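Input: a single structure, listed below in structure tokens.
The values are calculated or read from the model by the stated rules, or taken from the named source; none is laboratory data. This structure is a prediction, so every number in the text was calculated from the model and none was measured. Cβ atoms come from the backbone with ideal geometry, glycine included; neighbour counts cover every protein chain shown.
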Amino acid sequence: ESLELYFSPKVSGTLYFENYVIDKIVLLQENTKASVTFNQGYFKEINFLNFSNYGNLTFSSYKAIENTKSIFSIENSNLGKTQFYDFDFASFSNININNAVLTEIVTANVTWFLPEKLNQTEEKEKDAKYYKNQREVYRQLKQSTDKQGDRIQSLDFQAEEMRVYKESLKIDKKASQNDRWILWISQSNNFGLSWWKPTWVLLLCTLFFYISMVFSGKLFYMPFNPNWSGFGNMLYEIFWKNGSVFFQLFNPTRDISKVLNMKSEDINGITHFLDISHRLIFGFFVFQIASGFRKYVK
């Protein structure tokens with residue numbers, strides 16, 4: 001069963017569809033006065049094509065027909081204040097959104113689509129126009145959910161917006177190298193969504209600098225010995241005998257000479273360089289961790 005709804009300023013009144021299973025529905029032209037409601041049903045394909053909504057349009061408790069190649073598509077359309085209640089976007093196989101206005105849509109208890117479902121295309125066909133459209137979709141959805149107070153979902157859309165922007169810079173020859181670098185390091189906390197990821201990165205970085213300082217500071221001497229006994233002795237020296245050095249590196253006000261139990265004049269330049277570098281990296285990741293903890297606070 002297919003349905004095409006043509007709207008115009010002259011069309012008014014109320015249309016109510018309940019418990020309908022529709023293979024394909026297409027909404028076209030401009031709805032200004034009509035009130036249309038779809039309540040509890042299934043779509044295989046729904047298309048908003050050159051459509052503008054200034055009236056009342058509601059989709060409640062709808063999802064895609066299971067085990068079908070289902071499509072949710074918006075092309076050259078302004079959905080206005082279209083309302084989606086208990087709508088399962090994730091149930092559709094493909095989500096196609098191009099040249100759409102989504103900032104005013106109203107959503108409640110919806111299940112959003114996964115990023116890989118949005119405008120699926122071959123990797124080689126992902127050009128600047130493709131990334132620009134992807135970014136615009138996420139920007140508008142971020143704005144829409146934020147206005148409705150859905151801070152959590154808004155942050156997810158913001159993270160996707162930044163991820164798409166980072167990908168777009170890879171093919172933009174005019175893009176600033178600084179922007180590429182900023183977005184690359186911003187991934188360390190998933191663009192402000194995760195505190196756990198930068199915590200692990202900080203621990204690994206600190207472990208790397210600790211081992212480097214142990215060797216550069218010559219806290220122990222381990223002659224080359226390819227057998228397991230020599231390797232075991234090296235691990236003992238690094239992780240047990242000098243293990244306290246690792247934990248002291250988490251103190252940003254540390255005195256490296258006291259940490260290494262060496263005189264200042266005996267500490268070589270490489271060790272000082274490693275110490276300063278770790279302090280800078282430590283400060284950055286502490287900020288990233290704090291940002292992740294405050295993700296729900298504006």
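Observations
- Options S216, S194, S186, S176; residue that is within 18 Å of G243 (Cα to Cα) and of a type in the set (S, T, Y): S216
- If you go through the stretch 166-183 and pick out every residue that is within 20 Å of the chain's Cα centre (by Cα) and part of a loop (DSSP other than H, G, I, E, B), you end up with 2.
- Inside the stretch 110-144, residues that are over 19 Å from the mean Cα position of the chain (by Cα), over 20 Å from S70 (Cβ atoms) and not in a helix (DSSP H, G or I) make up a count of 2.
- Answer residue from the stretch 1-42, given it is polar (S, T, N, Q) and part of a strand (DSSP E or B) and is modelled with the lowest pLDDT among those: S2
- For E45, the conditions (1) over 26 Å from the mean Cα position of the chain (by Cα); (2) among the charged types (D, E, K, R); (3) outside any loop (DSSP other than H, G, I, E, B); (4) surrounded by fewer than 16 Cβ atoms within 10 Å (Cβ to Cβ) are fulfilled apart from (4).
- Residues within the stretch 245-298 that are under 30 Å from F157 (Cα atoms), assigned to a helix (DSSP H, G or I) and modelled with pLDDT under 85, tallied: 3
- Matching residues, the stretch 27-46, being farther than 16 Å from A90 by Cα and touching a residue at least 24 places away in the same chain (Cβ under 8 Å): L27, L28, E30, N31, T32, K33, A34, V36, F38
- Test for S194: is it part of a loop (DSSP other than H, G, I, E, B) and either surrounded by 16 or more Cβ atoms within 10 Å (Cβ to Cβ) or at pLDDT 90 or above (or both): yes
- Among the residues listed as E45, E66, E75, the single one being under 16 Å from Y138 (Cα atoms) and among the charged types (D, E, K, R): E75
Per-residue answers, yes or no, for (1) over 20 Å from A90 (Cα atoms); (2) surrounded by 17 or more Cβ atoms within 10 Å (Cβ to Cβ):
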position: P115; (1), (2): no, no
position: L118; (1), (2): no, yes
position: E122; (1), (2): yes, no
position: K129; (1), (2): yes, no
position: K142; (1), (2): no, yes
position: D156; (1), (2): no, yes
position: N178; (1), (2): yes, no
position: W184; (1), (2): yes, no
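- Output for the stretch 251-289, where each listed residue is touching a residue at least 60 places away in the same chain (Cβ under 8 Å) and of a type in the set (A, V, I, L, M): L274, I281, V286, I289
- Residue check, M234 in contact with a helix residue (DSSP H, G or I) (Cβ under 9 Å, 6 or more places away or on another chain) and either at pLDDT 75 or above or among the aliphatic types (A, V, I, L, M) (or both): no
- Some residue of the stretch 67-76 being basic (K, R) and in a loop (DSSP other than H, G, I, E, B): yes
- Filtered by the rule that a residue be surrounded by 13 or more Cβ atoms within 10 Å (Cβ to Cβ) and either in contact with a Lys or Arg (Cβ under 8 Å, 6 or more places away or on another chain) or β-branched (V, I, T) (or both), the stretch 244-274 gives V245, Q248, I256, S257, V259, I267, I270, T271.
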